[in-house]
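Q: The structure's right below; bear with me while I get my questions together.
The values are calculated or read from the model by the stated rules, or taken from the named source; none is laboratory data. In this text, all values refer to a predicted model and were calculated from it rather than measured experimentally. Note that each Cβ is placed from the backbone with ideal geometry, even for glycine, and that neighbours are counted across all protein chains shown.
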Amino acid sequence: MDALSEILRVVHMSGAFFINARFSAPWCYQSPQASLAAPWLDPAAEQIVIFHLITEGECLVEMEGQPSQRVQAGDVLLFPTGAAHRMTSAAGLPPPPGAANLQKLLNSRPRRLAYGGGGAATRMVCGYLACDTRLARLLLNGLPPTVVVSLRDSEAGVWLESSVRYALAEARTPRPGSAGLLAKLSELLFIEVLRQHVHQCEGQVGWLAGLSDRVVGNALNALHRKPSHDWTLVDLAREAGTSRSVLAERFQQLVGTSPMSYLTQWRLMMAANLLRRSNTPLARVAEEVGYQNDTSFSRAFRREYGAPPSAWRRSCLQREALVQ
């Protein structure tokens, strides 16, 4: 199994579409910083990643300190850091008074937004992905403030876009399972954006750029294929088809850490997921993620997460109980 598939299999993520919008020119919509929307989107989430799918028309995307971008139907915009941004029919337009009352909008049912001057129409759906902060840092590190991919550039993307359209139409007269269907589609949309962006990473740094690199990608796939293996840099370089020095330098340059440090981080992330999502005994967790005894595992986990594994597991259960 490749590294991206393994991460997505192991680590818990949840997503949803939260706004179905129709605007008519002239119009402007202000999307706040994701952390401000998090309490109404998913109070239990450590981090929220926002994305938009344009289903009809076109518009400009404006962000402080960044050049504006024109996007069109079929494009997905992902905001890795959840930065505030504007979607608008023309440069410089202000959002209408009251349009940024996200709390009121998210408390309404259905969550539909429609306004504008009556001109050319633009439709979009806004979604989010809730995930662990460490997962977001791992996957999204090094990405630009806005990632734009076209679903119409791949067969999988075309299928996904049509599926989202179908699910949104069905949601107008919801049947059992509609909310769950939309949630799964939002997660698939996020995954497809990452898959397509891997091919656009030339000249960038970060985990996805590392995955697209032949040497580092081979090393990442090997580590994720057998994370509990007793890896050495020599073994890993052999798997990557290069020398130790080249692997170490290239891995540090793209991923931002050494291969062995990365392996430790991934093992502990796997452990945290097991602790949060299961009742697996600590000794078994330690064994599954590559530690020979639970003492060394507990020491490493405490350095990374600030608490022993058992205490950390209890705190997660308590937080989830409070949210529910």
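Q: Given the condition touching a Leu at 6+ places or on another chain (Cβ under 8 Å) and under 21 Å from H12 (Cβ atoms), answer yes or no: does some residue in region 223-235 qualify?
A: Yes, because at least one residue in region 223-235 is touching a Leu at 6+ places or on another chain (Cβ under 8 Å) and under 21 Å from H12 (Cβ atoms).
Q: Go through G127, G210, G157, G142 for me and flag whichever is within 18 Å of the chain's Cα centre (by Cα) and farther than 22 Å from V11 by Cα.
A: Being within 18 Å of the chain's Cα centre (by Cα) and farther than 22 Å from V11 by Cα holds for just one of G127, G210, G157, G142, which is G157.
Q: What number goes with the only condition from (1) within 25 Å of the chain's Cα centre (by Cα); (2) closer than 22 Å to R9 by Cα that L282 does not pass?
A: Failed condition: (1).
Q: Here are some residues: R111, R86, R123. Which one is at pLDDT 90 or above, closer than 15 Å to I50 by Cβ and not small (G, A, S)?
A: On inspection, the qualifying residue turns out to be R86.
Q: If you don't mind, another one. Residues being over 24 Å from E320 (Cα atoms), of a type outside the set (S, T, N, Q) and in a loop (DSSP other than H, G, I, E, B): count how many of those fall in region 261-297.
A: Of the residues in region 261-297, 3 are over 24 Å from E320 (Cα atoms), of a type outside the set (S, T, N, Q) and in a loop (DSSP other than H, G, I, E, B).
Q: OK, next. For region 1-92, give me every one of the strands (runs of 3 or more DSSP E) that falls completely inside it and has 3 or more residues that are within 17 Å of E187 (Cβ to Cβ) and in contact with a Ser or Thr (Cβ under 9 Å, 6 or more places away or on another chain). Spell out the reasoning first.
A: Details: elements: 13-24, 28-31, 47-56, 58-63, 66-72, 75-79, 85-88.
Filter on region 1-92 gives 13-24, 47-56, 75-79.
Q: Could you please find all residues in region 137-173 being touching a helix residue (DSSP H, G or I) at 6+ places or on another chain (Cβ under 9 Å), within 18 Å of V61 (Cβ to Cβ) and of a type in the set (S, T, N, Q)?
A: Within region 137-173, just S150 meets the criteria.
Q: Within region 21-55, how many residues are of a type in the set (S, T, N, Q), surrounded by fewer than 19 Cβ atoms within 10 Å (Cβ to Cβ) and in contact with a strand residue (DSSP E or B) (Cβ under 8 Å, 6 or more places away or on another chain)?
A: Taking region 21-55 as the starting set, the residues that turn out to be of a type in the set (S, T, N, Q) are 24, 30-31, 33, 35, 47, 55.
Next, only the ones that are surrounded by fewer than 19 Cβ atoms within 10 Å (Cβ to Cβ) stay: 24, 30, 33, 35.
Filter once more, so that each one left must be in contact with a strand residue (DSSP E or B) (Cβ under 8 Å, 6 or more places away or on another chain): 24, 30, 35.
So the count comes out to 3.
Q: Any idea which residue in region 56-79 is modelled with the lowest pLDDT, counting only those that are surrounded by 21 or more Cβ atoms within 10 Å (Cβ to Cβ) and farther than 20 Å from S154 by Cβ?
A: So the residue we want is F79.
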